[in-house]
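First comes the structure, then the notes that go with it.
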Amino acid sequence: MAQLEWSDALSLDLPLMDDTHREFVDLLAAVDRAEDAQLPLAWQALVEHTDQHFGQEDAWMASTRFASGNCHSMQHRVVLQVMREGAARAAQGDLQVLRVMASELALWFPQHAQSMDAALALHLRRVGFDPATGVVHAPQALPGELIHGCGGATCSDAADASEDVATASAPREAVA
Ligand SMILES: [Fe+2]
Ligand SMILES: [Fe+2]
């Protein structure tokens, strides 16, 4: 099973985002460590944290000229939906689907952080956004048009990554 550990390569020099990402890594590790009996609860904690994590980034984007349907927010929506489907299937007794999804998330997260989240962190620094207060200190740096992409050159690559996680919701014959 793919596992994820925090490393400097995941740091994006935006403290609030980095703290949230560290918590994500910790909660995913807790899922990996969980025995079957504790797995649904550990997964639920990860889902709830991810809901807030993605919601926080979506709100930062909404405050700095991103369109609501931008590809970064759309990827958040797809991944969270898949994670919720996993919780629903686990509730019906299929715990293996959570093991598979956890492994897929460990592969997906570094790609997402180093593409979409990295581009967002760069954008937020450029416009002088203060995540703690929501104040944009350099509004003149905001683009005139709404941003529909994720703001990064790897937009399409990162969008593909959500499909990797999405496939974890499909039944699999062979599971590592
Ligand atoms: Fe993130
Ligand atoms: Fe993100």
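The values are calculated or read from the model by the stated rules, or taken from the named source; none is laboratory data. Being a predicted model, the structure only gives us computed values, none of them experimental. Every residue, glycine as well, gets a Cβ built from its backbone with ideal geometry; the counts of neighbours run over all protein chains shown. Just so you know, the surface numbers come from the protein's heavy atoms only, side chains and all, with ligands and any DNA or RNA stripped out. Shrake-Rupley method; radii C 1.70, N 1.55, O 1.52, S 1.80 Å.
Annotation: for a label point projected 7 angstrom from Cα along Cα→Cβ of Ala2, residues of the stretch 104-125 with backbone N closer than 11 Å are 104-112. Using Cβ point charges alone (K and R +1, D and E -1), the dipole size of the stretch 11-72 about the Cα centre works out to roughly 220 debye. On the stretch 8-175, 53 percent of the accessible area sits on carbon and sulfur atoms, based on a 1.4 Å probe. Modelled spin-label separation between Arg22 and Gln114, with each label point placed 7 Å from Cα along the Cα-to-Cβ direction: 2.1 nm. Based on protein heavy atoms only, the stretch 8-175 ends up with 48 Å² per residue of surface accessible to a 1.4 Å probe.
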